[in-house]
1. Please list 3J(HN,Hα) in residue order for the stretch 130-143, calculated via the Karplus relation 6.51 cos²θ - 1.76 cosθ + 1.60 where θ = phi - 60°; whole Hz, with x for glycine and proline.
2. Can you list residues from other chains, or at least 5 along the same chain, whose modelled amide H is less than 5 Å from the amide H of L149?
3. Rounded to the nearest 10 Å², what accessible area does H73 show when all protein chains are kept and the probe is 1.4 Å?
4. If you plug each phi of the stretch 79-88 into the Karplus form 6.51 cos²θ - 1.76 cosθ + 1.60 with θ = phi - 60°, what whole-Hz ³J(HN,Hα) values come out, in order, with x for Gly and Pro?
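The values are calculated or read from the model by the stated rules, or taken from the named source; none is laboratory data. Remember, it's a predicted structure, so these values are computed and weren't measured experimentally. In case anyone asks, the SASA skips ligands and DNA or RNA and just uses the protein heavy atoms, side chains included. Shrake-Rupley method; radii C 1.70, N 1.55, O 1.52, S 1.80 Å.
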Amino acid sequence: MPFPLSPRMPPGPRRRSLLASAAGVALVAGCSGPPGEAGDERSALSAAERARARAARDSAELAARYDAVIAAHPALAGRLVPLRDEVVEHARAFGGGSGGRASATPSASASGSPAPAVPVPADEKGALAELARAERELADRRAGMLTDLPGESARLLASVAASGAVHAYLLTEGEG
């Protein structure tokens with residue numbers, strides 16, 4: 001036979017249980033903050049990190065393109081090495097690359113001959129035009145990304161995009 005409930009204890013949850021539950025809910029709610037605030041900050045940070053990593057890769061690829069042109073047209077080295085060195089510095093600024101000062105000659109493969117990653121036009125003028133096109137496209141793409149980035153990352157990307165536009169101009173200078 002079941003025990004009858006005491007007339008002094010009403011059925012249902014006790015006051016102590018309700019207070020503990022309410023405190024637990026308040027604790028969990030207090031840890032999360034307003035909806036979207038912490039998540040937005042984290043997503044902006046990861047977007048900036050992704051943009052910096054992409055910019056570092058893009059600059060490294062552009063430096064490889066400069067290497068290929070310098071290897072194919074050594075007479076252009078005096079004109080291209082300073083621009084290539086700046087591109088390498090851009091990659092470092094975005095967190096890529098860790099090597100020393102860029103050299104005038106690209107690194108050689110195991111066979112001793114440079115292995116260009118991209119085809120290089122046979123004539124110097126065409127090679128310069130290709131480099132200028134690559135610089136211009138990258139500068140335009142970077143300028144388009146600026147509105148999606150927070151402060152410092154946007155400023156760095158804007159500066160490097162402007163530098164790329166100047167490189168494109170310098171590469172086509174004198175083409176009247």
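1. Values, residue by residue: 5, 4, 4, 4, 5, 4, 5, 4, 5, 4, 5, 5, 5, 4 Hz.
2. none
3. Number for this one is 20 Å².
4. Once θ is set to phi - 60°, the couplings for the stretch 79-88 become 7, 8, 4, x, 5, 4, 4, 5, 5, 5 Hz.
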